Amino acid sequence: MTIVQPSYFSPITQYATILRSEEIVFETADNFQKQTYRNRCYICSPNGKQLLNIPIKRSPNGKQKTKDVLIDYDTDDWQKNHLKSFQAAYRSSPFFEFYEDELLAIFEKKHKFLLDLNLDTHLFVMDALQEEKRYSKTTSFQLTTEEDDFRFLANAKLKFDLKLPTYTQMFDEKHGFIENLSILDLLFMNGPSAGIYLQKIPIVLPNF
């Protein structure tokens, strides 16, 4: 089994790890941390690498469990903004139209908890990859675990020694190849064959 953080349209390296695993355990009992892929993703836009961030409600006492984080719909029309960003970046991509209806269905919902949204995006991705993996959720936090621990992949600020294989991106003639974007970038460009690309990625280790 492999333990990972539930994240928002996770980066490519996380799905390369998931596809190598028989069963996934999502960490939900840890304290929520800022600057992670839990509530953000990066796409390739006409202006280069673009951050898409989900606003969340902060806990009055500072700390809150990942499973308890609430999405904030009061301060920002983030769903509309994210959809516009996806459309501006990928409307002309080979497979955007193929996945558009399922993508719209996710944003038509008003998920109360960030975890529920992230699990919804995970199911969307697995269906797009035509893969089935059992998953469960942690009930208590363990600093060390017997599972293969890839929770570090959710740290958006952690530096990896990555040399990922290139694939055609929408604006690579302008910006060059951008590594480890959201899995959506790979799906919109490669469709179901994205899984073949993911199998080529070596196991990613942290550069602590």
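Taking segment 1-29, which residues are of a type in the set (D, E, K, R) and modelled with pLDDT of 95 or more?
GLU27
For a quick check of your reading of the model, give me the residue pairs whose first member lies in segment 33-57 and is without any contact (Cβ under 8 Å) to a residue 24 or more places away in the chain, whose second is assigned to a loop (DSSP other than H, G, I, E, B) and surrounded by fewer than 12 Cβ atoms within 10 Å (Cβ to Cβ), with beta-carbon atoms closer than 7 Å and at least 6 apart or on different chains.
Sorted first by the residue in segment 33-57, then by its partner, the pairs are PRO55/THR75.
Only one of THR2, THR17 is among the β-branched types (Val, Ile, Thr), within 26 Å of SER193 (Cβ to Cβ), in contact with an Asp or Glu (Cβ under 7 Å, 6 or more places away or on another chain) and open to solvent by less than 20 Å² (accessible area, probe 1.4 Å); which?
Unique residue meeting the criteria: THR2.
Quick one: which residue in ASP127, ASP148 is surrounded by fewer than 15 Cβ atoms within 10 Å (Cβ to Cβ), in contact with a strand residue (DSSP E or B) (Cβ under 9 Å, 6 or more places away or on another chain), in contact (Cβ under 8 Å) with a residue 24 or more places away in the chain and over 19 Å from ILE54 (Cβ atoms)?
ASP148
If the Cβ limit is 9 Å and pairs must be 6+ apart or interchain, which residue in segment 175-200 that is within 15 Å of TYR99 (Cα to Cα) pairs with which residue that is open to solvent by less than 50 Å² (accessible area, probe 1.4 Å) and of a type in the set (D, E, K, R)?
Between residues of segment 175-200 that are within 15 Å of TYR99 (Cα to Cα) and residues that are open to solvent by less than 50 Å² (accessible area, probe 1.4 Å) and of a type in the set (D, E, K, R), there is no close pair.
Could you list, in sequence order, the residues of segment 41-60 that are open to solvent by 30 Å² or more (accessible area, probe 1.4 Å) and in a strand (DSSP E or B)?
TYR42, LYS49, GLN50, LEU51, ASN53
Counting just the residues of segment 62-81 that are part of a loop (DSSP other than H, G, I, E, B) and not polar (S, T, N, Q), which one comes out least open to solvent (accessible area, probe 1.4 Å)?
VAL69
Tell me, please, whether a residue that is touching an Asp or Glu at 6+ places or on another chain (Cβ under 6 Å) and of a type in the set (D, E, K, R) can be found in segment 142-162.
Yes: segment 142-162 contains one or more residues that are touching an Asp or Glu at 6+ places or on another chain (Cβ under 6 Å) and of a type in the set (D, E, K, R).
Just the residues that are more than 18 Å from ARG40 (Cβ to Cβ) and surrounded by fewer than 18 Cβ atoms within 10 Å (Cβ to Cβ), please, taken from segment 165-190.
If the condition is that a residue be more than 18 Å from ARG40 (Cβ to Cβ) and surrounded by fewer than 18 Cβ atoms within 10 Å (Cβ to Cβ), then PRO165, THR166, TYR167, THR168, PHE171, ASP172, GLU173, LYS174, HIS175, GLY176, PHE177 are the ones that fit.
What helices (runs of 4 or more DSSP H) lie completely within segment 119-208 and have 3 or more residues being out of contact with any Cys (no Cβ under 9 Å at 6 or more places or on another chain) and hydrophobic (A, V, I, L, M, F, W, C)?
183-190, 194-199
So, of the residues in segment 82-102 that are free of Cβ contacts under 8 Å to residues at least 24 places away in the same chain and assigned to a helix (DSSP H, G or I), which turns out to be surrounded by the most Cβ atoms within 10 Å (Cβ to Cβ)?
Checked segment 82-102; the qualifying residue surrounded by the most Cβ atoms within 10 Å (Cβ to Cβ) is GLU100.
When you check ILE18 against the structure, is it of a type in the set (Val, Ile, Thr), on the phi < 0 side of the Ramachandran plot, touching a His at 6+ places or on another chain (Cβ under 9 Å) and in a helix (DSSP H, G or I), yes or no?
Yes.
The values are calculated or read from the model by the stated rules, or taken from the named source; none is laboratory data. A quick note: this is a predicted structure, and the numbers were derived from the prediction, not measured. Neighbour counts are summed over all protein chains in view; Cβ atoms, including those assigned to glycine, are modelled from backbone coordinates with ideal geometry. Side chains are part of the model used for accessible areas, which takes the heavy atoms of the whole protein and leaves out ligands, DNA and RNA. Shrake-Rupley method; radii C 1.70, N 1.55, O 1.52, S 1.80 Å.
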